[in-house]
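> Structure provided below as structure tokens; questions to follow.
The values are calculated or read from the model by the stated rules, or taken from the named source; none is laboratory data. From a predicted model like this one, the values you see are computed outputs, not experimental measurements. Surface accessibility is based on the protein's heavy atoms, side chains included, excluding ligands, DNA and RNA. Shrake-Rupley method; radii C 1.70, N 1.55, O 1.52, S 1.80 Å.
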Amino acid sequence: MAALDFKRVREAAGDDPEFIQELMELYLEDAAERLQELRAAVSNGSTDEVARSAHKLKGSSANVGAQGISDCAKTLEEMGKNGDLQGAEALVDRAQADLDLVKTELQTLLDSL
């Protein structure tokens, strides 16, 4: 399964390579920041911060077609709300790995336009 849904990216940004690149650069920067926040919150056991940061990451990831990251974030958000962070670090790691794949797939998309 692809880490990035090209159809979703095109729905959000059209076929303009410059706009897609700008949109995705903003997303990638924001997602990296959210993952850092999540990693710190998990390390500190801050369930409220995990829920808050995961919620933001979930929405932005779904909007650009990074469904794997969105799914991880959804689970992290629920974990934070439930006050149970068991396994949260592994989910943050998985989301980070997916973000790395998104970067690679984005370049493929831009090269094809």
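> For the chain, which whole-number percentage of the solvent-accessible area (1.4 Å probe, protein heavy atoms only) is attributable to carbon and sulfur atoms? Walk me through the intermediate numbers first.
Working: 2860 of 6240 Å².
Within the chain, the accessible surface is 46 percent carbon and sulfur.
> How are the alpha carbon pair distances in the chain distributed across 5 Å bins from zero to the largest one, expressed in percent?
2, 14, 25, 23, 15, 10, 7, 3, 1
> What residue among Leu35, Leu99, Leu23 shows peak mean-square fluctuation when the chain is described by a Gaussian network model with Cα springs under 10 Å?
Among Leu35, Leu99, Leu23, the largest mean-square fluctuation in the Gaussian network model of the chain belongs to Leu23.
> I would also like to ask the following. Quick one, can you get me the convex hull of the C-alpha atoms of the stretch 1-66 expressed as volume per residue in Å³?
That works out to 74 Å³ per residue.
> Can you tell which of Ala12, Ala51, Ala88 shows the greatest fluctuation in a Gaussian network model of the chain with Cα springs below 10 Å?
The residue that fluctuates most here is Ala12.
> Rolling a 1.4 angstrom probe over the protein heavy atoms, how many square angstrom per residue are accessible across the chain?
Solvent-accessible surface per residue comes out at 55 Å².
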